[in-house]
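One structure is given here, and the rest of the page talks about it.
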Amino acid sequence: MFNVEKVREDFPILSRTVRGVPLVYLDSGATSQKPFQVLDAERHFYENSNAVVHRGAHALAEEATDAYESARETIASFVGAETEEIVFTKNATEAINLVAYAFSNATDKARQGHEVDQRFVIGPGDSIVVSEMEHHANLIPWQELCAKTGASLRWFGVTDEGRLNIESGVIDSTTKLVSIVHQSNILGTINPVRQIMEMAHAVGALGMVDLCQSVPHMPVDVHELGGDFAAWSGHKMLGPTGIGVLWGKSELLNSMPPFLSGGSMIEMVNMDHSTFAPAPQRFEAGVPMVAQAVGLARACDYLTHLGMENVFKHERELTDYTLAQIAKLEGVRVIGPTDMRDRGSAVSFVVDGIHPHDVGHLMDSKGVAVRVGHHCAWPTCRRFGIPATTRISTYIYNDKSDIDQAISGIKAAQEFFGTAPKVSA
Ligand SMILES: Cc1ncc(COP(=O)(O)O)c(C=O)c1O
């Protein structure tokens, strides 16, 4: 079991103060903080091996290419994938767009009479299935694809408890793709993605999983989840910003048209046409994010050293504690599951009579950083009839004292706005 005090020592930002008090960082669902080990790995790369990868005959180019490709191996093994199944993107949003554009580009090519993989051709009469708890990153690319191609967008609804209603028969023979979030960033719900991917495959559809809030927090094996594609971001799992990952089955990646085109993604180039390299290079046009890949691989090593089972256990204990402390507060309602069944560490709540932004500001005055707003999941807020929530999201460097500080921030907000429960004389 890891020791939180020791973990905290690795995160320089956690020793700073904000608003004159020690920082309590409870916004890791938005982005995680970075340990020395990741910062040092990037610096080491720039100080020693910086060069453009996959080109050049000099020693630095060779070292940079080795660093980049061995980062791919580390990241693949962190999620049980094969190395060539890992495509580096800017973030999860770009990874999801890459797949959406594969559909769009394949459909355009098919309309022009080119031979393409029919699994990516979509049009009127076809459907794409998402859920009412998606982050906008896993909603808007599919809305756009449907608008371009005439396909329809369908979704699983969310129950009052904050769970997916997967019995609603939205997947049927018209479905070409089902794309679902593994753990909701706003509700904290962990969805039965394996079952949903099986439902997709049963009707011949492809399946994609948004792993943004699960890969950083629990052991994940992409093959075990049973989908065809998965996406997540490096910056939420101790890694740098500017790098995300698309995992895809090689057979599919190699039959998809490219997303971005240009240098490094080609096989052969003529003045009037070109052919494309196999995946993953086909999807990595231009000079890629080498230092970020090196940093992300170091983040994977760091988490592997802690043990993802331990990370998950630690966060479950903290989430259980958070829910219990919130339950003691009058006038505070959790949006999402209130028990620990299939639940991750994002805890959203609303406080009677106080706008979530005001709650966030009062918590900030106590040094507590939480996220407020619709969390890029606006339809989910609408489902619960609220404009926004305040969200506590924990990670490996948080402990119960951070939660206590957050709770006193909520109480301070209730006192400031005069909504604190009256104590009877
Ligand atoms: C569930 C989920 N999906 C997708 C994203 C988008 O990630 P990024 O902005 O890094 O692309 C996020 C970010 O908060 C998220 O929580």
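Considering only residues that are surrounded by fewer than 13 Cβ atoms within 10 Å (Cβ to Cβ) and either within 22 Å of the chain's Cα centre (by Cα) or assigned to a helix (DSSP H, G or I) (or both), which ones fall in region 14-30?
SER15
In region 320-339, what count of residues is obtained for those that are under 20 Å from GLY360 (Cβ atoms) and either at pLDDT below 95 or assigned to a loop (DSSP other than H, G, I, E, B) (or both)? Don't jump to the end; show me each part of the working.
Taking region 320-339 first, the residues under 20 Å from GLY360 (Cβ atoms) are 322-323, 325-326, 329-336.
Pick out the ones that are also either at pLDDT below 95 or assigned to a loop (DSSP other than H, G, I, E, B) (or both) and you get 329-331, 336.
The number of residues fulfilling the criteria is 4.
Are any residues in region 147-173 assigned to a loop (DSSP other than H, G, I, E, B) and either buried (at least 17 other Cβ atoms within 10 Å of the Cβ) or not polar (S, T, N, Q) (or both), and if so, which ones?
The answer is GLY150, ALA151, ASP160, GLU161, GLY162, ARG163, ILE166, GLU167, GLY169, VAL170, ILE171, ASP172.
Just one of ALA299, ALA324, ALA291, ALA285 is more than 30 Å from THR380 (Cα to Cα) and without any contact (Cβ under 8 Å) to a residue 60 or more places away in the chain; which is it?
Numbers: ALA299 fails: without any contact (Cβ under 8 Å) to a residue 60 or more places away in the chain; ALA324 fails: more than 30 Å from THR380 (Cα to Cα); ALA291 fails: without any contact (Cβ under 8 Å) to a residue 60 or more places away in the chain.
When all the criteria are applied, what remains is ALA285.
Report yes if some residue within region 291-302 is farther than 28 Å from GLU134 by Cβ, in contact with a strand residue (DSSP E or B) (Cβ under 9 Å, 6 or more places away or on another chain) and either of a type outside the set (Gly, Ala, Ser) or at pLDDT 95 or above (or both); otherwise report no.
Scanning region 291-302, I find no residue that is farther than 28 Å from GLU134 by Cβ, in contact with a strand residue (DSSP E or B) (Cβ under 9 Å, 6 or more places away or on another chain) and either of a type outside the set (Gly, Ala, Ser) or at pLDDT 95 or above (or both), so the answer is no.
Six or more apart or on different chains, Cβ under 9 Å: which pairs go from a residue in region 1-27 that's without any contact (Cβ under 8 Å) to a residue 12 or more places away in the chain to one that's of a type in the set (Asp, Glu) and assigned to a helix (DSSP H, G or I)? Could you list them?
As it stands, the answer is SER15/GLU9, since those pairs meet every condition given.
This table checks each residue for (1) within 14 Å of the ligand (Cβ to nearest atom); (2) surrounded by 23 or more Cβ atoms within 10 Å (Cβ to Cβ); (3) in a loop (DSSP other than H, G, I, E, B); (4) not aliphatic (A, V, I, L, M).
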site: MET208; (1), (2), (3), (4): yes, yes, no, no
site: PRO216; (1), (2), (3), (4): yes, yes, yes, yes
site: PRO219; (1), (2), (3), (4): no, no, yes, yes
site: GLU224; (1), (2), (3), (4): no, no, no, yes
site: GLY227; (1), (2), (3), (4): no, yes, yes, yes
site: ALA231; (1), (2), (3), (4): yes, yes, no, no
site: MET237; (1), (2), (3), (4): yes, yes, yes, no
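When you go through THR93, THR89 one by one, which is the residue that is within 13 Å of the ligand (Cβ to nearest atom), surrounded by fewer than 23 Cβ atoms within 10 Å (Cβ to Cβ) and under 27 Å from ALA346 (Cα atoms)?
Numbers: THR89 fails: surrounded by fewer than 23 Cβ atoms within 10 Å (Cβ to Cβ).
Sole residue among the options that is within 13 Å of the ligand (Cβ to nearest atom), surrounded by fewer than 23 Cβ atoms within 10 Å (Cβ to Cβ) and under 27 Å from ALA346 (Cα atoms): THR93.
List the number of the failed condition for GLU144; all other conditions in (1) within 30 Å of GLU315 (Cα to Cα); (2) surrounded by fewer than 24 Cβ atoms within 10 Å (Cβ to Cβ); (3) more than 16 Å from the chain's Cα centre (by Cα) hold.
With respect to (1) within 30 Å of GLU315 (Cα to Cα); (2) surrounded by fewer than 24 Cβ atoms within 10 Å (Cβ to Cβ); (3) more than 16 Å from the chain's Cα centre (by Cα), GLU144 is out only on (1).
Here are ALA110, ALA61, ALA102: which of them is touching a Phe, Trp or Tyr at 6+ places or on another chain (Cβ under 8 Å), farther than 27 Å from CYS381 by Cα and in a helix (DSSP H, G or I)? Please lay out each step first, then the result.
Details: ALA110 fails: touching a Phe, Trp or Tyr at 6+ places or on another chain (Cβ under 8 Å); ALA61 fails: touching a Phe, Trp or Tyr at 6+ places or on another chain (Cβ under 8 Å).
Unique residue meeting the criteria: ALA102.
Hey, VAL130 hits all of (1) out of contact with any Ser or Thr (no Cβ under 6 Å at 6 or more places or on another chain); (2) within 16 Å of the ligand (Cβ to nearest atom) but one; which does it fall short on?
Status for VAL130: all satisfied but (1).
The values are calculated or read from the model by the stated rules, or taken from the named source; none is laboratory data. For clarity, every value in this text was computed on a predicted model and none was experimentally measured. Don't worry about glycine lacking a Cβ; one is built from the backbone with ideal geometry, like all the others, and counts go over all protein chains shown.
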